[in-house]
Amino acid sequence: MLHKATAIQATGRRSDKATTGYWRPGSPPLGVCPSPLLLILLSSLGCDGRPHTAEREKWRVFSPEQNYEIALKAENADARRRAVGRIGRSRQAASEDAFAVLDAVARTDPNDQTRCVAIRVLMGYDDPRPVTTMLAILDPKPDRPEALPASPPVRWDATAALVEFQARGLIGDDRSREALDVLLRLALHDGNRDVKRTAVVGLGSFRDVRAVRALIAALRDKDYGIAHEAAKSLRALTGRDYQLDADGWESWLNAASDPFDSNAGAASQPATAARAN
């Protein structure tokens, strides 16, 4: 069963339009000025006078097996990407065979766009199978390579998927610690601000002191978007609101016997705020 993912909206994901792969005819021969009707005709034909592959595919019905074969083996990246999209729109999208193909594409396809499309399809799954895929992408093991190195767009989508799975309770106790470790590393050390910001959002779903400390550290990030999301995640975790006052959050945390218990005997306001009053 597929689930309509919300993490893309929640984390401010872009909504890229993938390239169509259409061939653009060159300029007409010198002295020739084709009519608008001829230009329309030429724009839908290939060099051999036949409709382009992408255009022909609109009218072709593919079997699941054909889509799997194209997604895994086609030389053209756009053809693989389109096949992945068809898999995601099919009734077999959550089947074991479809998952195996999407998992392989998300981890190992050499084209970033194709990997991202596969990740977004997997994000719609309503079961924990893709959690392993995202962890393989985001937490590569040098002695046990399970995925190609991930570019920033691939890491961004995989992080958004992991955050979505955590929000929907699909990350079991056996993988929760690993998922938290990954998000902590991304939130504190990833070089891409979108990946960091998305990881900060995800930390707001982990009731763990390490998440609280990482979020307080993120409040000091020079990127206001990251600091703002860190404050929101801290509010979600603790029920308190010290806004962007990192020193105040630290004072509160050091005094709190249980940061996740709003009735615990922690200071009602941070030391810095108390001095200001």
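Rule-based calculations on the coordinates, nothing more; no lab input. The shown structure was predicted, so the numbers you read here are calculated from the model rather than taken from an experiment. Here the Cβ positions follow ideal geometry from the backbone for every residue, glycine too, while neighbour counts run over all protein chains shown.
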note = The distance between the Cα centres of segment 188-217 and segment 57-118, in whole Å, is 32 Å
request  = Starting from the amide H of Y125, placed 1.01 Å from N in the peptide plane, find each other amide H under 5 Å away whose residue is 5 or more places distant or on another chain.
outcome  = H3
ask   = Using the count of nearby Cβ atoms within 10 Å as a rough guide to exposure, how do H189, H228 rank from fewest to most?
value = H189, H228
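Based on Cβ point charges of +1 for Lys and Arg and -1 for Asp and Glu, what charge dipole magnitude is obtained for segment 169-277 about its Cα centre, in debye rounded to the nearest 20? Walk me through the numbers on the way to the answer.
On the way: 15 positive and 16 negative charges, 42 e Å.
With only Lys, Arg, Asp and Glu charged at Cβ, the dipole is about 200 debye.
Give the peptides 193-202, 241-250, 169-178 in descending order of average Cβ contacts within 10 Å, highest first. Don't jump to the answer; show the numbers that get you there.
On the way: 193-202: 25.8, 241-250: 19.0, 169-178: 13.6.
The packing order, highest mean first, is 193-202, 241-250, 169-178.
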